[in-house]
Amino acid sequence: MIGDMVSYGKLATSAMTPIFSHKGFTTYNLPTAIVSNNFGYGRYAFLDTTDYIRQSLKVWKELGFDFDAVTTGFIASLEQAKLVAEFCRRLSEIGVPIFVDPIMGDDGALYSGMPSNMPESIKPMIDVAHVCCPNYTEACLLTGMEYHAGGVSEDEAFALVDNLRAIGARSVVITSILVDGKPSVLGYNHLNDNHFRIEYEEVPIQFSGTGDVFSAEMIVSLLNGEQLEAATKKAVDVVYRLIYKNKDAQDPYRGIPIEECLDLV
C-alpha cells in the first residue's frame, strides 16, 4: 500500500489495513506523507516523505523484494508520482496488478492545501493503473471536464469514464456521482469491454475514509478472482452497511471505526 499515513482518524492506510488483514492478505506500507489529521479540520501538520520513498525503493530493489499487487492512494507531488509510477510500471510489466486511487479532492474542488497542479502530478499514476478509482470530482479534475453539482446524464458519465481511459487507465471505477438524479458508481472493465452502472442509496452523513474502505473491499474481491462489476457492487454494499451502522457518529471526519465493524466487511 502506497499512500499517506494519517495519525488521527481512520482513513487512508489505517482504514484499509484492517480490511486486507481481516480478509487474509499480508500488507506492507510505503508512506507518501505523514499527516496529523484529516484535511477537513482546516489545520494539519504534514511531512512529505519523497526522499524516504526514493531510498526505500532503491533498498527494496537491492534486496529483491516482490509483491503480488500494489494499491496507491494520496501522492504528494509530481516528483513522488514519477517515482511511484516507475516502480509500479516495472511491476506491471511482470504481471503485478496496480490499483490507483487518485486522491486529491471532493465536492468539485481540490482538498484544502492541495497545489493547483495536483491533477497533472497524478497523471503519471493513471498511466500505470490496471484499475483507476477516482470519485466524481477527481475524475473531472484529471480529465478537465466540468463538474456539475446537480449531476450528469448517463452518456456524460460514461464519457467521463472513457476520458480517463484515454489518459491511460485500463479499467475505471468512478464513485459518488449523481447520474440522472440517482447516486451511482459506474465504470468500465477492460477485460470484457463492458461499461456498467450501479445505483445506491445515500445515507445523509459524509464520513472521511469511505473511499479508502471502498477501494480496499473492491481490491480484495478482485484479488479473489471476481469480475470488476461484481467487486464494485460488493464494495458499494459494504460501504453502505458501514455508514448506516455509524450514522449517528459525532465526528465523521475521524472516519469509520473499522476494527469495530469487521463483521460487516
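Every number here is computed from the coordinates shown, using simple stated rules; none is lab data. Keep in mind that what you see is a predicted model, and the values were worked out from it rather than measured. Using ideal geometry, Cβ is built from the backbone for each residue, glycine included, and neighbour counts are taken over all protein chains shown.
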### Query
Around Thr175, which amide H atoms from residues at least 5 apart in sequence, or from another chain, sit under 5 Å from its own amide H, with H modelled in the peptide plane?
Asn135, Tyr136
#### Entry: Estimated vicinal HN-Hα couplings, Hz - the stretch 193-198 in sequence order (Karplus 6.51, -1.76, 1.60; Gly, Pro = x)
6, 10, 8, 8, 9, 10
## Note on the structure
Between the modelled labels at Asp107 and Asp127 (7 Å from Cα along Cα→Cβ) the distance in nm is 3.4
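To the nearest 0.05, what FRET efficiency results for Asn224 and Ser116 with a Förster distance of 41 Å applied to their C-beta separation?
Working: r = 39 Å, r/R0 = 0.96.
With R0 = 41 Å, the Cβ-Cβ based efficiency is 0.55.
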### Task
Would you pull out the residues with amide H under 5 Å of Ala12's amide H, same chain only if 5 or more places away, H placed 1.01 Å from N?
Asp212
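Cα-Cα over 23 Å: which of Lys23/Lys234; Lys10/Lys58; Lys10/Lys61; Lys58/Lys82?
On the way: Lys23/Lys234 14 Å; Lys10/Lys58 30 Å; Lys10/Lys61 31 Å; Lys58/Lys82 14 Å.
The answer is Lys10/Lys58; Lys10/Lys61.
Provide the gained length on full extension for the span Tyr41 to Asp162, in nm with one decimal, where the gain is 0.36 nm per separating residue minus the Cα-Cα distance. Write down the numbers at each step before the final one.
On the way: separation 121, 0.36 × 121 = 43.56 nm, distance 3.42 nm.
Working it through step by step, the gained length comes to 40.1 nm.
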### Query
In nm, what is the difference between 0.36 nm times the number of residues separating Leu264 and Val203 and their Cα-Cα distance?
20.3 nm
### Query
Which FRET efficiency value, to the nearest 0.05, do you get for Asp66 and Lys23 by plugging their Cβ-Cβ distance into 1/(1 + (r/R0)^6) with R0 = 22 Å?
0.60
### Query
Under the Karplus relation 6.51 cos²θ - 1.76 cosθ + 1.60, θ = phi - 60°, what is the ordered set of whole-Hz ³J(HN,Hα) values for the stretch 176-181, x standing for Gly and Pro?
6, 10, 8, 10, 6, x
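What order do you get for 53-62, 251-260 when each peptide is scored by the mean count of other beta carbon atoms within 10 Å, highest first?
On the way: 53-62: 13.4, 251-260: 17.9.
Peptide ranking by packing, descending: 251-260, 53-62.
Classify the stretch 1-90 from the C-alpha gyration tensor, please: rounded if a/c falls under 1.5, else prolate or oblate depending on whether a/b exceeds b/c.
Values: a/c = 2.26, a/b = 1.23, b/c = 1.84.
Note, shape of the stretch 1-90 comes out oblate.
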### Distance between modelled label sites at Ile34 and Asp51, nm, 7 Å Cα→Cβ extension
1.4
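Using Cα pairs under 8 angstrom and six or more residues apart, how large is the relative contact order of the stretch 19-177, in percent?
On the way: 224 pairs, mean separation 29.4, N = 159.
Over the stretch 19-177, the number comes to 18 percent.
Order these peptides, 114-122, 147-155, 229-237, 128-136, by their mean beta-carbon neighbour count within 10 angstrom, highest first.
Values: 114-122: 16.6, 147-155: 12.7, 229-237: 20.1, 128-136: 26.3.
With the highest mean Cβ count within 10 Å placed first, the list reads 128-136, 229-237, 114-122, 147-155.
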### Spacing of the two label points (7 Å from each Cα toward its C-beta) at Glu146 and Ala249, in nm
3.5
